[in-house]
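J.: Structure incoming, see below.
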Amino acid sequence: MSSYLITGIAGFIGSALARELLQRGEKVRGIDNLATGKRENIAEILSHIDFREKDILDLDAMKQACSGVDYVLHQAAIPSVPKSVLDPIGSNRANVDGTVNVLVAARDAKVKRVIYAASSSAYGDTPTLPKDERMTPDPISPYAVAKLAGERYMISFYRCYGLETVALRYFNIFGPRQDPSSPYSGVLAKFITLMLKSQQPTIFGDGEQSRDFTYVDNAVEANLLACKAPAAEAVGKVFNVATGRRVTLNETFKLLQQITSYSGVPIYGQERAGDIKHSLADISLAEKHLAYKPKVNFEEGLRQTVDWYQKSGMD
Ligand code: UD1
């Protein structure tokens, strides 16, 4: 049995990681300041985990949280492009200062490995598709800059202190428990919950922007593989975590119409500042070094997500 610390455990990705680790019989500790995470995401597993309501900016709390831990899965963040455009200082504090704290605490506690939730937004709006890890990053939003800085800190802590780190560049992760309620929520959580209520979603721009939407189980799998991959394959490196397929928002809307039986049309609004047009990953590096393979495709992920919102009454 190994011991894991999940930062951001009350978020939808953090809580999915926790549930999978518990299923596998592992020991789980988690911290979350509940700024964007929700207590109800961990309610059913609370008695099986060591949960601490703390902020990653609290270095003492982080040091205590890292004590005796084998692996740190660093998911805590303010994960929003538009929010960072409005509040770059807040984004930097949570996403950069917070990440450095996690690393210092993990280094001092001598944890085996830190896995970091990096972001495909680091690539920026490059016309070259698919995006692979050798491309020069060109982040646009403060959020993307902060997430890229976090990646570089991961690599720096490996080079300077020998702390094993792996950065996973997530491409639009979605799935059950993703919060649909904030104006900064991920597009799929918003669209699904609106359409289930027969309310009209708004597409920002012409809807021809595309994303490599990735079901959360794939991200969970990538994290667990990254913990156990041989150091020579994985450590000090950056990997795309995605499906290697992209869909436009217009196509996604049509698919959701079928799944939710929503018969209306979308509203088309203004394009969003800081947005990128297309996003598609080359996942061959993760396939080669982490033995990663996307387990759940987009359509199946959408169906499972709609199903969850329907059953949970969050629609
Ligand atoms: C997302 C993630 C971010 C991650 C990045 C790269 C969220 C909230 N953000 O950013 O953490 O690092 O992918 O993987 O998951 N849109 C609409 N209508 C809406 C909301 C959004 O048309 O009501 C559009 C946006 O303008 C954008 C697309 O949908 O073109 C996706 O937006 P969003 O879900 O916020 O994700 P990203 O900005 O791609």
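J.: May I ask you to evaluate 6.51 cos²θ - 1.76 cosθ + 1.60, the Karplus curve with θ = phi - 60°, for each residue of the stretch 243-248 and list the ³J(HN,Hα) values in order in whole Hz, giving x for glycine and proline?
T.: 10, x, 9, 10, 10, 7
J.: OK, next. Measuring with a 1.4 Å probe in the full set of protein chains, what accessible area per residue, in whole Å², belongs to the chain?
T.: 42
J.: At R0 = 41 Å, how high is the FRET efficiency between Val265 and Glu44 if r is their beta carbon distance? Nearest 0.05 is fine.
T.: Rounded to the nearest 0.05, the efficiency is 0.65.
J.: Roughly what angle does helix 249-260 make with the longest principal axis of the chain, taking Cα atoms, 0 to 90 degrees, to the nearest 10?
T.: 80
J.: Quick query: amide H of Arg169 versus all other amide H atoms, modeled in the peptide plane; which residues come in under 5 Å with a sequence gap of 5 or more or a different chain?
T.: Distant-sequence amide H within range of Arg169: Ala118, Phe239, Asn240, Val241.
J.: If packing is taken as the average count of other Cβ atoms within 10 Å, what order do 232-238, 65-71, 212-218 fall into, highest mean first?
T.: Listed from highest to lowest mean packing, they are 212-218, 65-71, 232-238.
J.: For a protection proxy built on the mean count of beta-carbon atoms within 10 angstrom, sort 103-110, 171-178 highest first, please.
T.: Ranking, from highest mean packing down: 171-178, 103-110.
J.: Along each of the three principal axes of the Cα atoms of the chain, give the extent in whole Å, ordering the values from largest to smallest.
T.: 55, 44, 37
J.: A follow-up question, please. Stokes-Einstein diffusion coefficient for the stretch 1-145 at 4 °C in a medium of 1.567 mPa s, Rh from the Kirkwood formula over Cα pairs: what value in µm²/s?
T.: Once the numbers are plugged in, D ends up at 82 µm²/s.
J.: Which of Pro130, Val145, Gly162 sits closest to the plus end of the dipole of the stretch 120-163, meaning its Cα is farthest towards the positive end, when Lys and Arg get +1 and Asp and Glu get -1 on the C-beta?
T.: Comparing the listed Cα positions along the dipole, Gly162 ranks first.
J.: Follow-up. Would you work out the charge dipole size for the stretch 39-128 about its Cα centre, treating the Cβ of every Lys and Arg as +1 and the Cβ of every Asp and Glu as -1, and quote it to the nearest 20 debye?
T.: That gives a dipole near 280 debye.
J.: For every other residue with a beta carbon closer than 13 angstrom to the beta carbon of Val235, add +1 if it is Lys or Arg and -1 if Asp or Glu, then tell me the sum.
T.: +3
J.: Could you derive backbone 3J(HN,Hα) for the stretch 3-16 from the dihedral phi with the Karplus parameters 6.51, -1.76 and 1.60 (θ = phi - 60°), listing whole Hz in sequence and x where the residue is Gly or Pro?
T.: Result, ordered by residue: 10, 10, 10, 10, 8, x, 5, 8, x, 6, 7, x, 6, 5 Hz.
J.: Of Lys27/Lys147; Lys131/Lys295; Lys147/Lys288; Lys54/Lys237; Lys110/Lys237, which pairs sit farther than 22 Å apart, going by alpha carbon to alpha carbon?
T.: Long pairs (Cα-Cα over 22 Å): Lys27/Lys147; Lys147/Lys288; Lys54/Lys237.
J.: Next question. Apply the Karplus parameterisation 6.51 cos²θ - 1.76 cosθ + 1.60, with θ equal to phi minus 60°, to every residue of the stretch 52-67 and state each ³J(HN,Hα) to the nearest whole Hz, in sequence, with x for glycine and proline.
T.: 10, 7, 9, 9, 5, 6, 8, 5, 4, 4, 5, 5, 5, 5, 7, 5
J.: Report the local net charge at Gly90: Lys and Arg +1, Asp and Glu -1, summed over other residues whose C-beta lies under 11 Å from its C-beta.
T.: Net of charged neighbours comes to 0.
J.: Related question: Which percent of the accessible area of the stretch 1-71 is formed by carbon and sulfur heavy atoms (probe 1.4 angstrom)?
T.: Heavy-atom surface of the stretch 1-71 belonging to carbon and sulfur, 1.4 Å probe: 43 percent.
J.: Distance in nm between label sites at Leu57 and Arg159, each 7 Å beyond Cα in the beta-carbon direction?
T.: In this crude spin-label approximation the distance works out to 2.9 nm.
J.: Also: Measuring from centroid to centroid over Cα atoms, what is the spacing of the stretch 243-315 and the stretch 84-157 in Å?
T.: Going from one Cα centre to the other spans 23 Å.
J.: Rounded to the nearest 0.05, what FRET efficiency do Glu300 and Ala35 have when you use their Cβ-Cβ distance and R0 = 22 Å?
T.: 0.10
The values are calculated or read from the model by the stated rules, or taken from the named source; none is laboratory data. This one's a predicted model, so the numbers in the text were calculated from it and none came from an experiment. Glycine also receives a Cβ, built like all others from the backbone with ideal geometry; neighbour counts cover every protein chain displayed. Ligands, DNA and RNA are stripped out before the accessible areas are found, and what is left, the full protein with its side chains, is counted by its heavy atoms. Shrake-Rupley method; radii C 1.70, N 1.55, O 1.52, S 1.80 Å.
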